[in-house]
Amino acid sequence: MSENNSIKPHGGILVNRITKVDPTGLFSITISEDLANDVENIADGIFSPLEGFLGQQDFESVVSRGRLANNLAWTIPIVLDVDEQTASKMKETGDVLLQNPQGVGVAVLHVEETYSFDKEKTVQGIYGTTDSTHPGVAKTMSMKDYLVGGKIDYIQRPEETEIRKHRLTPIQTREAFAKAGWKTICAFQTRNPPHVAHEMLQKTSITTRDGVFVNPIIGKKKSGDFVDEVIVKCYETMIKLYYPENRCILGTLHTEMKYAGPKEAIHHAIIRQN
């Protein structure tokens, strides 16, 4: 919960890496849909104070103690993994165009360093297990062997789709809360359609606070989870037909679930603060 006129981003400054850099002639690599979403999250300040992918000092500090090197809490590493040959080429060229799977150049990465990392130590630090059936462990163990650190400049948003229509930036959420006249806000993280316990929590929030910000995860989840479209449709219907007018705002968070327990809970809390 926060007083609206004093919602301070994590670290004190809302990051903005949206720019008009010309990517013509740059060496380019293709990144996954989930990583493209996270690059956009960095650019919009959703991941404040991150301005790009973690360098080695920050990465190792996050894995070992859940904090950036400057001691600010940060529990989930946001990283770009590449093979050795690509890492070498990226370091050599300096500025690299990041393309999403549709071939759209979404951002320029200013490469500061490339480094190898200990995968077993990483999964133990983040997930508390090395069990390969854990989706986060399996994902990390399948990563390429080098990480690339550096700030990004975001140059092109992806094509607008039905599933992105509720995506809000931190600037937009602050504007929406101000327009609604909300002073006290409760943010609600979810990766599922609403069930009765969710309903009770949200109704309690509406009863005791000015409004509730429902912020479901849109992105890769584990097998057996609900599909994104079902989650969004359920909330659209619930807000329209069931909740009091002007007391609930829906905004989607486009990132993948890590299933990192308490560390992910802290990560999600930081995101909602931003």
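The values are calculated or read from the model by the stated rules, or taken from the named source; none is laboratory data. Since the model is a prediction, treat every value here as computed from it, not as a measurement. Positions of Cβ are generated from backbone atoms using ideal geometry, with glycine treated the same way; all protein chains shown enter the neighbour counts.
Values as computed for the structure displayed
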{"item": "Any chance S28 is at pLDDT 95 or above and outside any helix (DSSP H, G or I)", "result": "yes"}
{"item": "Residue ID - farthest from I18 (Cα to Cα), chosen from residues in the range 97-127 that are surrounded by 14 or more Cβ atoms within 10 Å (Cβ to Cβ) and over 21 Å from the mean Cα position of the chain (by Cα)", "result": "Q124"}
{"item": "Residue check, F59 surrounded by 21 or more Cβ atoms within 10 Å (Cβ to Cβ), in contact (Cβ under 8 Å) with a residue 40 or more places away in the chain, out of contact with any Lys or Arg (no Cβ under 6 Å at 6 or more places or on another chain) and in a loop (DSSP other than H, G, I, E, B)", "result": "no"}
{"item": "Residue count for the range 144-189, restricted to those that are hydroxyl-bearing (S, T, Y) and either surrounded by fewer than 19 Cβ atoms within 10 Å (Cβ to Cβ) or part of a loop (DSSP other than H, G, I, E, B) (or both)", "result": "3"}
{"item": "Qualifying residue in the range 136-159 (condition: among the small types (G, A, S), assigned by TED's automatic domain parsing to the domain that holds D34 and touching an Asp or Glu at 6+ places or on another chain (Cβ under 8 Å))", "result": "yes"}
{"item": "Residue selected from the range 191-242 under the condition surrounded by 12 or more Cβ atoms within 10 Å (Cβ to Cβ) and of a type in the set (G, A, S), by the criterion modelled with the highest pLDDT", "result": "G211"}
{"item": "Single residue of the range 66-77 satisfying the filter (in a loop (DSSP other than H, G, I, E, B) and out of contact with any Asp or Glu (no Cβ under 6 Å at 6 or more places or on another chain)) that is nearest to K144 (Cα to Cα)", "result": "P77"}
{"item": "So K89, is it of a type in the set (K, R), farther than 16 Å from L35 by Cα and either in contact with a Leu (Cβ under 6 Å, 6 or more places away or on another chain) or in contact (Cβ under 8 Å) with a residue 40 or more places away in the chain (or both)", "result": "yes"}
